[in-house]
1. Counting only residues that are over 26 Å from the mean Cα position of the chain (by Cα), under 21 Å from VAL199 (Cα atoms) and small (Gly, Ala, Ser), which one in segment 20-68 is surrounded by the most Cβ atoms within 10 Å (Cβ to Cβ)?
2. List the helices (runs of 4 or more DSSP H) inside segment 41-142, counting only whole elements, that have at least 2 residues being modelled with pLDDT under 85 and of a type in the set (S, T, N, Q).
3. Every residue in segment 178-187 that is assigned to a helix (DSSP H, G or I) and crowded, with 17+ Cβ neighbours inside 10 Å, please.
4. Looking at (1) farther than 28 Å from ASN222 by Cβ; (2) hydrophobic (A, V, I, L, M, F, W, C); (3) in contact with an Asp or Glu (Cβ under 9 Å, 6 or more places away or on another chain); (4) surrounded by 14 or more Cβ atoms within 10 Å (Cβ to Cβ), which is the only condition PHE75 fails?
5. May I ask you to verify whether ILE143 is crowded, with 17+ Cβ neighbours inside 10 Å, free of Cβ contacts under 8 Å to residues at least 40 places away in the same chain and more than 19 Å from LEU170 (Cβ to Cβ)?
6. Which is small (Gly, Ala, Ser), closer than 24 Å to THR215 by Cα and either surrounded by fewer than 20 Cβ atoms within 10 Å (Cβ to Cβ) or in the same structural domain as LEU174 (by TED's automatic domain parsing) (or both), of ALA95, ALA117?
7. Here are the criteria: (1) modelled with pLDDT under 80; (2) surrounded by fewer than 17 Cβ atoms within 10 Å (Cβ to Cβ); (3) not aromatic (Phe, Trp, Tyr). Tell me which single one ILE165 does not satisfy.
8. Taking segment 204-213 only, how many residues are over 14 Å from ALA118 (Cα atoms) and within 23 Å of the chain's Cα centre (by Cα)?
Amino acid sequence: MIRIMMEFQNFKDKKLLVVPSVFWDYCHEKVMVMERMDGIPISNIDAIKKNKINLSELAKNGVEIFFTQVFRDGFFHADMHPGNIQVAKSGKYIAMDFGIMGTLNDQDKLYLAKNFAAFFKRDYREVARVHIESGWVPAETSIDEFENAIRSVCEPIFNKPLKDISFGKLLIRLFQTSKKFNMEIQPQLTMLQKTLLNVEGLGRELDPNLDLWVTARPFLENWLKEQIGPKNLINRIKKEFPNWVDIAPQLPTLLHAYLNNHNKDSYTIIDKDIRKSIEGIKLRQDRIILVMILLFVVIALTVLTFI
């Protein structure tokens with residue numbers, strides 16, 4: 001029930017996707033009563049055409065719904081086979097059966113978006129770097145070897161027209177290659193991969209000319225700009241500002257305690273040059289504190305300017 005509540009809230013505007021309402025007064029721990037949906041099974045192409053629904057637009061909307069669930073919400077329908085998807089006569093999607101849902105945390109979403117964006121540019125070194133940075137493969141992995149392995153898998157695929165390339169199958173090949181570099185199994189990515197294959201299959205059944213890459217690329221690039229750009233930085237500073245206000249008065253005491261403890265307890269046997277360095281650090285302590293306070297003030301003023 002919690003799953004359907006979250007999905008209903010995420011798409012409560014019903015612009016692209018309709019999620020059945022739940023009638024809570026009639027629900028029991030073993031029975032869930034939902035709104036009756038009157039839609040056309042997505043596999044019934046003839047009926048969809050008879051209702052004059054644009055198939056090409058419907059296919060693109062399906063891709064947008066998927067990427068919205070993944071990157072905006074971090075919560076996606078992970079069982080999107082034709083039996084669970086209907087189309088309303090208005091052309092909106094109707095989602096059914098929320099028994100299997102996938103979740104992604106903010107770090108997963110960011111690194112996935114970076115990976116996809118790098119794929120679009122055929123920047124295999126960036127794909128390798130992101131895998132290592134995210135911790136999906138061990139930190140000691142040779143980035144050069146990993147890049148070459150990814151290139152050997154992807155280049156033959158990219159020799160085809162983009163519209164003929166399966167995004168889901170490309171991910172499968174990438175994960176298979178990554179396993180050779182001791183990539184840890186990521187359950188959430190396995191569910192994502194399966195769902196992406198379903199989305200591709202549905203989309204191309206509706207529109208054989210659907211180019212998933214062209215449809216998804218603007219969405220991903222705009223999402224990345226929002227996450228990495230200055231606007232997001234300002235929003236994060238605003239969010240953390242109350243915490244910084246609480247911590248700021250403690251900074252001088254914390255710094256003094258840190259330097260004092262390291263000087264007294266950690267260096268009983270140490271050469272003269274290092275002792276001199278510690279003394280130098282202590283002499284500059286007031287300057288460090290001043291710089292940190294000034295930096296804090298500058299950040300605070302920046303935040304207040306944009307509030």
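The values are calculated or read from the model by the stated rules, or taken from the named source; none is laboratory data. Just so you know, these numbers come straight off a predicted model, no measurement behind them. In this analysis, Cβ positions are derived from the backbone assuming ideal geometry, glycine residues included, and neighbour counts consider all displayed protein chains.
1. GLY39
2. On the way: elements: 45-50, 55-67, 106-120, 124-134.
In segment 41-142, 106-120 are the helices (runs of 4 or more DSSP H) which contain 2 or more residues that are modelled with pLDDT under 85 and of a type in the set (S, T, N, Q).
3. Pass one, segment 178-187, residues assigned to a helix (DSSP H, G or I): 178-179, 187.
Matches in segment 178-187: SER178 only.
4. Answer for PHE75: the failing condition is (1).
5. Working: crowded, with 17+ Cβ neighbours inside 10 Å: no; free of Cβ contacts under 8 Å to residues at least 40 places away in the same chain: yes; more than 19 Å from LEU170 (Cβ to Cβ): yes.
Answer is no for this residue.
6. Working: ALA95 fails: either surrounded by fewer than 20 Cβ atoms within 10 Å (Cβ to Cβ) or in the same structural domain as LEU174 (by TED's automatic domain parsing) (or both).
Testing whether each residue is small (Gly, Ala, Ser), closer than 24 Å to THR215 by Cα and either surrounded by fewer than 20 Cβ atoms within 10 Å (Cβ to Cβ) or in the same structural domain as LEU174 (by TED's automatic domain parsing) (or both) leaves just ALA117.
7. Among (1) modelled with pLDDT under 80; (2) surrounded by fewer than 17 Cβ atoms within 10 Å (Cβ to Cβ); (3) not aromatic (Phe, Trp, Tyr), ILE165 violates only (2).
8. Let us first name the residues in segment 204-213 that are over 14 Å from ALA118 (Cα atoms), namely 204-212.
Still in the running and within 23 Å of the chain's Cα centre (by Cα): 211-212.
Looking only at that region, the number is 2.
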